[in-house]
Each structure stands twice: as C-alpha cells, then as structure tokens.
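So the structure is just underneath, and the comments pick up after that.
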Amino acid sequence: MEEIVISVGHVLEHGQARTTLDVMDVEIWSDIACPWCYVGKKRFEAALASFPHADEVSVTYRSFELDPEAPADRGLPHDELLAKKYGRSLEEVHAMDAQLTAVAAAEGIDMQLADARSGSTFDGHRIVHLAQAHGLGEAMKERLFRAYFTEGELIADHELLVKTAVEVGLPEAEVREVLLTERYAEEVREDELIAQSAGISAVPCFVIDRKFGASGAQPPEELLRFLEHGWSQQQQQPAEAS
C-alpha cells in the first residue's frame, strides 16, 4: 500500500477515537468544483461496490475549498480562467479539458467543462452538511457535481442550491433557513482545519478511521486495495473504550 497511503494519524486529536469494530469510517475531503474529485467519487463507489464489507463502511463527505477566497461568480469563461491561472494558451487548456473529459466519460460522467461557472462553493458545502444530517450526503454531493460539471450551474446561486436540495429529498424550508443563516459554516471550516492539520493539501483525499489516507482519483482497484488495507488494520486493533 505504499503507493497511495499517506499518514494522517495526527488528525485524531480533532476527532473521536473509534469505539467499535462494527463500522469502518471513510471520510472523503473534496471540493464541488474539483473535476478529479468527481472522478474520484465514481471510482471510490466502484471500489466500494466490490468490497466484501461494504455494508460495514460509513462514508462521510468533508468540505475542502480549492479557493476559499473565491467570489460568488468569477464571471469569466472556464478556459480563460484556467489559461490565466496556469499561464497556458487557450489551445493548451482545450487539450487538457479534452483529456479530462475523456477520463470522466469512462466513469460515466458527462463533463461539460466549457460551460462550468466558477465561483464560491462554500454554501454548497454547507448544504452537503445539511444533507448528511438527513442521511442524504452522497446524493447531495452527486447532484451538485452534476449541476456544476454537466449542467453549467453556479454553485453559489442559492436558488440552484434550493432546487437541487429539494430534488434529493431535503425539506425546502430547512434548506432556505440554512442559506439565510450561518448554519453549518462552522462545520465547513472545521473540516478544512482538520485537512490543514493533517497535511491534506490536494483533493480528493480518502481517510480511513483517521489513520490511513489515499490521495488522488486513484483507479478503483487501488482504492479497493486501500479499503482492504484499512479493514485489515482495523480488525487487528481492539476498539478503544469510550
């Protein structure tokens, strides 16, 4: 497992110790505006589907903003933004996008990068936290990925967040209440603080039991090995007393 496992043991100081062997906790740090996070989500789901203990895995989506200072809407086309950010020509950006689109298509993702509208994802992460409180975190994350990468929607748009949240089954009144307040803002910032403390600087990052981490959109077979490794290590250690 040396190829993909990173040490994240010191993040335990920010979380509760594992108290049972019944469930293996997997936390996924990712950003809604990160294309490799979308690819990584699909690959992780494929790995989990092949994992014999899938029913004993708890998955939690953690917040990570690639640009915490992003405005609600940058207002520039996707290709111009990337060209400016990385010092590339538009032709080079288009070639990069074509390659990424092909990779995404192999995972069943219809990625329309030319239509992507860049801006803040902070409120989107807050809604994912709300969804997780309702047991709908994965569905909400998937819906926001699709809104951003396939439908060309602006994630900072509150009406878009209400629409997509209601589609996955969240109560509209509660969604609007979250967006009108600072609810779940602290949780988003705590996720990012833990990531910073653990040395997580790139996403997606998959963490098992706050002890083992796999960084990047690894192929499903590698992520399956990661799950098997985490399960094997967990079973060798007694649960800590509460």
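Annotations for the structure displayed:
- Cα-based helix-to-principal-axis angle, 90-106 vs the chain, degrees rounded to 10: 40 degrees
- Stretching the chain fully between LYS84 and ALA133 yields a gain of 13.8 nm (0.36 nm per residue, less the alpha carbon separation).
- In the chain, Cα pairs under 8 Å separated by at least six residues give a relative contact order of 37 percent.
- Cysteine residues of the chain whose C-beta has no other cysteine C-beta under 4.7 angstrom: CYS205.
- Segment ASP55-HIS94, length gained on full extension (0.36 nm per residue, minus Cα span): 9.9 nm
- Within the chain, the ratio Rg/Rh, alpha carbon atoms throughout and Rh by Kirkwood, equals 0.97.
- Summed side-chain charge close to ASP97 - residues other than ASP97 whose Cβ falls under 12 Å, Lys, Arg +1, Asp, Glu -1: -3
- Of every Cα-Cα pair in the stretch 100-242, the percent that sits beyond 22 Å: 52 percent
- Against the chain, whose longest principal axis comes from its Cα atoms, helix 137-149 is set at around 30 degrees.
- Fewest-first ranking of SER30, SER89, using other Cβ atoms within 10 Å as the exposure measure: SER89, SER30
Values quoted throughout were computed directly from the atomic coordinates according to the rules given, and no laboratory measurement underlies them. Everything numeric here is computed off the predicted structure, so don't read it as measured data. For neighbour counting, all protein chains shown are included, and Cβ atoms are generated from backbone atoms with ideal geometry for every residue, glycine included.
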